[in-house]
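Nothing in this text is a laboratory measurement; each read-out follows from the coordinates by a stated rule. Predicted model only: the values in this text are computed from it and were never measured. In this analysis, Cβ positions are derived from the backbone assuming ideal geometry, glycine residues included, and neighbour counts consider all displayed protein chains.
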Amino acid sequence: MSKSELKGLSVQELNDELEIFQKHYYTLKFNNAASTLENTAEIKNVRRNIARVKTEIRAKELSESTPKRDKIQLRRRLAKKIKK
């Protein structure tokens, strides 16, 4: 799944995708331990897809909380100026 495909999904859809990828990852890991896989590189690809989905979820969380984060940063900057 590409990054551009992930950007169009909501947080709930991203969480659903994450769950699917994680189940697939654990299945691949189990099958690799029990027997040999034809394509062991698929484990790496699924792990990277999990990371992509988690990154996109975090980016959406941060974009939603921008005003609160800006307020905290402003307060910290003011505190630094007062200390000087």
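Assorted remarks:
- Dipole magnitude of segment 3-83, debye to nearest 20 (Cβ charges: Lys/Arg +1, Asp/Glu -1, about Cα centre): 1160 debye
- The chain - percent relative contact order, Cα under 8 Å, separation 6 or more: 38 percent
- Each Lys or Arg adds one and each Asp or Glu takes one away; over the other residues whose Cβ falls under 15 Å from the Cβ of Ala59, this sums to +1.
- Computing FRET efficiency as 1/(1 + (r/R0)^6) for Ala33 and Arg69, where r is the C-beta to C-beta distance and R0 is 41 Å, gives about 0.45.
- The Rg/Rh ratio for the chain, using Cα coordinates for both the radius of gyration and the Kirkwood hydrodynamic radius, is 1.26.
- Taking other C-beta atoms within 10 Å as the exposure proxy, Ile57, Ile82, Ile72 rank Ile82, Ile72, Ile57 from fewest upward.
- Positive-end extreme of charge dipole, the chain - chosen from Ala79, Leu9, Leu37 (charges on Cβ): Ala79
- Number of Lys-Lys pairs in the chain with C-alpha atoms under 19 Å apart and a separation of 8 or more places or on different chains: 15.
- Kyte-Doolittle mean at least -1.0 and Cα axial length at least 20 Å: DSSP H helices in the chain: 11-34, 41-64
- Bins of 5 Å, starting at 0 and running to the largest distance - Cα pair percent for segment 11-58: 5, 23, 29, 20, 12, 8, 4, 0
- Radius 13 Å from Cβ of Ser4, net charge of other residues (Lys, Arg +1; Asp, Glu -1): +1
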